[in-house]
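Notes to accompany the following structure.
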Amino acid sequence: MDTVMRESRAAGVRFCVLRPTAYFKDMTAWLVDPILAGRPARITGGGSPRINPIDGADLAQLVRECVAEGGSENRELLVGGPQVYTLRGMAQLAAEVAGPAAAGREGGPAATPSPTSPPAAPTDLIKPRRLWPLRLLAPLARCASPFSARAAALADGARFVLYSATHDAVGDPYGRRLLKGAFEARVEAVRSAAAATAAAAVAAASGANTPASAAAGGGGGAAAAGGTAGRPASGGGGAAPPAQGVGRPGMPRTASAVGLARTPKSAK
């Protein structure tokens with residue numbers, strides 16, 4: 001990006017670079033989704049660096065304002081949301097919002113709460129990750145980068161995580177959307193999706209069982225009717241004998257029972 005800005009200035013091209021600190025959706029995927037899946041949220045280091053992530057819709061509004069109002073030509077703006085958190089504070093917020101939907105449940109957010117599992121405390125849903133493995137891994141991966149694309153990607157990722165875990169990322173505050181609202185919206189979306197999936201499974205099971213039972217019941221009734229028509233019942237009101245043709249290979253029971261019934265010659 002620095003090269004783009006330098007060449008744009010040299011060419012006389014107007015520009016404005018917006019550098020968001022972080023997006024709500026990324027913080028949600030990082031902190032809320034693991035908790036909803038039954039895993040702890042992972043933070044690297046002590047979690048003391050500060051950050052103010054921004055919602056994508058607020059950033060889009062800022063882009064429109066920069067284009068429409070001007071005044072931001074040839075500038076670089078570091079921008080964030082209206083609230084500043086530490087990394088640990090942000091993880092605790094995620095645990096408070098997503099914890100009740102996942103703690104003490106079996107099978108995910110839409111399952112029935114287990115009476116034997118007490119709700120987890122927010123701190124139980126956060127698991128710190130030590131920094132020293134990354135400090136060791138990053139230079140090793142960087143040395144191997146010229147020989148392996150995977151090592152290069154690993155080195156970039158380790159460097160990014162190390163920087164994020166040890167440096168603040170606080171930009172000029174902008175927007176009115178709050179991170180807690182984004183976390184709550186994600187929890188509700190996952191809960192609704194799980195409920196819809198469960199309802200669809202119940203409906204599918206009910207639909208699969210109903211035709212089978214109906215066909216079995218209908219076939220039995222037709223066979224009984226066909227037997228009565230085909231052969232007069234024996235004296236004493238006993239049960240009618242099976243109809244002719246019932247159970248003939250390749251013919252449905254109802255068709256064979258009714259279609260092969262004949263009027264006895266004595267009745268003609």
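Values in this text are rule-based calculations from the coordinates and carry no lab data. Remember, predicted model here, so these are calculated numbers, not experimental data. When we count neighbours, we look across all protein chains shown, and the Cβ atoms used for this are built from the backbone with ideal geometry, even at glycine.
Looking at the square roots a ≥ b ≥ c of the eigenvalues of the Cα gyration tensor of the range 2-191, which shape do they give, rounded for a/c under 1.5, prolate if a/b is larger than b/c, or oblate?
It is oblate, given that a/c is not under 1.5 and a/b is not larger than b/c.
Given the C-alpha centroids of the range 11-36 and the range 52-88, what is the distance between them in whole angstrom?
Here the answer is 10 Å between Cα centres.
What is the set of long-range amide H partners of Glu76 at a cut-off below 5 Å, with H atoms built 1.01 Å from backbone N?
Val17
Could you give each residue of the range 43-59 its phi-based ³J(HN,Hα) in whole Hz, using Karplus coefficients 6.51, -1.76, 1.60 with θ = phi - 60°, and x for Gly or Pro?
So the J values, rounded to whole Hz, are 10, 9, x, x, x, 7, x, 9, 7, 10, x, 10, 6, x, 5, 5, 5.
Mind ordering 13-19, 36-42 by average Cβ neighbours within 10 Å, highest first?
Details: 13-19: 14.0, 36-42: 16.0.
Sorting 13-19, 36-42 by mean packing, highest first, produces 36-42, 13-19.
What list of ³J(HN,Hα) values in whole Hz, one per residue of the range 126-142 in order, does the Karplus curve 6.51 cos²θ - 1.76 cosθ + 1.60 (θ = phi - 60°) give from phi, with Gly and Pro shown as x?
10, 10, x, 10, 6, 7, 4, x, 5, 4, 7, 6, 4, x, 5, 5, 5
Work out from phi, with θ = phi - 60° and the Karplus expression 6.51 cos²θ - 1.76 cosθ + 1.60, the ³J(HN,Hα) of each residue of the range 7-17, listed in order in whole Hz, and give x for Gly and Pro.
Karplus values, whole Hz, x for Gly and Pro: 5, 5, 5, 5, 8, x, 8, 6, 8, 8, 9.
Just want the ordering: Thr86, Thr21, from fewest to most Cβ atoms lying within 10 Å of their own Cβ.
Values: Thr86 16, Thr21 19.
So the ranking, lowest neighbour count to highest, is Thr86, Thr21.
Could you list which residues have their amide H under 5 Å from that of Tyr23, counting only those 5 or more apart in sequence or on another chain, with H placed in the peptide plane?
Excluding prolines and chain starts, which carry no amide H, the hits are Ile54.
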